[in-house]
Amino acid sequence: MADLLLSPLCHEVGHELYEMELETRNVLLEQLNSNPRFNQHNHQRIKTLAHFLLAYIKPQLKSGKNSVRTIAQAQRWTALAYIDPEAAARDLALQLTQLSLAQKTEWVRMSKLAETLAAPLREAEFKPLLTYLEGMRDLARGHEQGAASKFDQLPTHHNRLLVAGVTLPIPEFEESVWTINTVKVPPPSLHPLEFERAELIQQPRFMGSGSQWLINRGRGQAEVFYEQLGENTVLEMVQIPGGEFHMGSPKKEGNYREQPQHLVNVAPFLLSRFPVTQAQWGAIARTDKVMIDLPPAPSHFPGENLPVEGVTWFEAIEFCERLQLQTGRPYRLPSEAEWEYACRAGTATPFHFGETISPKVATYDSTEKYRFGPKGKSSKQTTEVGFHQAANGFGLEDLHGNVWEWCADHWYENYIDAPVDGTPRTTNSRASHRVIRGGSWLDSPNVCRSGYRYGVPPENRILTIGFRVALSLNNTKIN
């Protein structure tokens, strides 16, 4: 190793921090990918190297020298691109939103940096980000015709490019001057929300003949933001306070997929009060396409206030991106950590209702009972969102049953090495199964537990799967 670092292939850019020429580094990575000796484990080797680099440069990100921090950040993005290309693209795009057209040197530097990330970003279908940076580099260097040509290649909407949930404005040539017209979005205005919450309590029967489950109903309060989607269609976004919780299930309750239980810290965010309805879906499906077409009426069970179902994971992502372009707010799918945290709402029981579940508070196959809970009839289809008026402590409804809900995460068999900050866990494979949560009208109560998780192919179109949307608060001002 010392011979390599002291050779002409590397040069020192900070304390114990070295840089290699881009062409040399790419050749070595290509060799690692194609060499038969490493072919069986090449991807894992690259991921291992990337994880090591992320850990190694972490102290350098806090350096007192700006030059060292800049190099370390570049190395971080390089490593991240091979582990989680979407996160790398998002971080890079967020950094670009902070630049003005006047910062020409910085645009050129960022474009040069993107060249080191080109292979994994292109493989993960983030080529538009690379093209955008090439156009900005040409513009910074005065090559206006080349810049215009690059911008014309981009899949823009209302002169904006959407990259990993971040909106990048496209420069416009007006009166012989290039300008960026940023879209000013009014901050969400929160309103008080009163709701009815429900808890299942076991109580002895009269004269001591066994016990029965009673529904203890009470009033709760939260704050909600109303996003207008059309003349008569509104999306209710409930504010979820940040906090810590134990994600997963204890061994006596769940299976290996829900273990090991681990402490996760979740930042505050907004989550839709109900699963996305067919009316809400229709309002957004009619808007301009971002990447793929959306079926106007995909659901097997029609009804404006029924949850939309029969949508793929990719279509749920397209919905979020169209919603972002319409509103200017970075809507997305929740991570599965956010979903479980929001579902539990401070509880540690199998359901936010308590130790069991009842057909009087949720839509599921109640011909089976959970532990000593009540039984009922088999559900034949979905029910209107909010039908049971049985919210959890945060004011959210329909989290247990009705429809499964897509999450942002790619599927992993268990929680070993899972993130502890509430962010989604992903791979760099488009074909990876995606996480679904909550169970559905067709499922047994065990499957509808707060901690239950499952993974299905992202292109699956099933009449039991829908979704709800989330909105981060770290980049969103609140009134």
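What the table shows:
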{"read-out": "Tally of residues being buried (at least 24 other Cβ atoms within 10 Å of the Cβ) and either assigned to a loop (DSSP other than H, G, I, E, B) or in contact (Cβ under 8 Å) with a residue 40 or more places away in the chain (or both) across region 397-436", "value": "15"}
{"read-out": "Scope region 439-473; condition within 20 Å of A342 (Cα to Cα), outside any loop (DSSP other than H, G, I, E, B) and of a type in the set (V, I, T); matching residues", "value": "V447, I465"}
{"read-out": "Hits in region 417-457 - residues which are at pLDDT below 95 and over 16 Å from the mean Cα position of the chain (by Cα)", "value": "D417, A431"}
{"read-out": "Qualifying residue in region 278-286 (condition: at pLDDT 95 or above, touching a strand residue (DSSP E or B) at 6+ places or on another chain (Cβ under 7 Å) and crowded, with 18+ Cβ neighbours inside 10 Å)", "value": "yes"}
{"read-out": "Qualifying residue in region 108-121 (condition: buried (at least 20 other Cβ atoms within 10 Å of the Cβ), within 16 Å of T167 (Cβ to Cβ), of a type in the set (A, V, I, L, M, F, W, C) and not assigned by TED's automatic domain parsing to the domain that holds D409)", "value": "no"}
{"read-out": "Hits in region 320-344 (condition: at pLDDT 95 or above and either over 19 Å from the mean Cα position of the chain (by Cα) or among the acidic types (D, E) (or both))", "value": "E336, E338, E340"}
{"read-out": "Count - residues of region 80-127 that are among the acidic types (D, E) and not in a helix (DSSP H, G or I)", "value": "2"}
{"read-out": "Within region 271-290, tally of residues that are outside any helix (DSSP H, G or I) and touching a helix residue (DSSP H, G or I) at 6+ places or on another chain (Cβ under 6 Å)", "value": "3"}
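For every residue, the table says whether it meets (1) under 28 Å from H410 (Cβ atoms); (2) modelled with pLDDT of 95 or more; (3) surrounded by 17 or more Cβ atoms within 10 Å (Cβ to Cβ).
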{"position": "R217", "(1), (2), (3)": "no, yes, no"}
{"position": "F225", "(1), (2), (3)": "no, yes, yes"}
{"position": "T233", "(1), (2), (3)": "no, yes, no"}
{"position": "M237", "(1), (2), (3)": "yes, yes, yes"}
{"position": "P241", "(1), (2), (3)": "yes, yes, no"}
{"position": "R257", "(1), (2), (3)": "yes, yes, yes"}
{"position": "H262", "(1), (2), (3)": "yes, yes, no"}
{"position": "P268", "(1), (2), (3)": "yes, yes, no"}
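The values are calculated or read from the model by the stated rules, or taken from the named source; none is laboratory data. What you see is a predicted model, and the numbers here were worked out from it, not measured in a lab. Cβ coordinates were reconstructed from backbone atoms using ideal geometry, including for glycine residues, and neighbour counts include every protein chain displayed.
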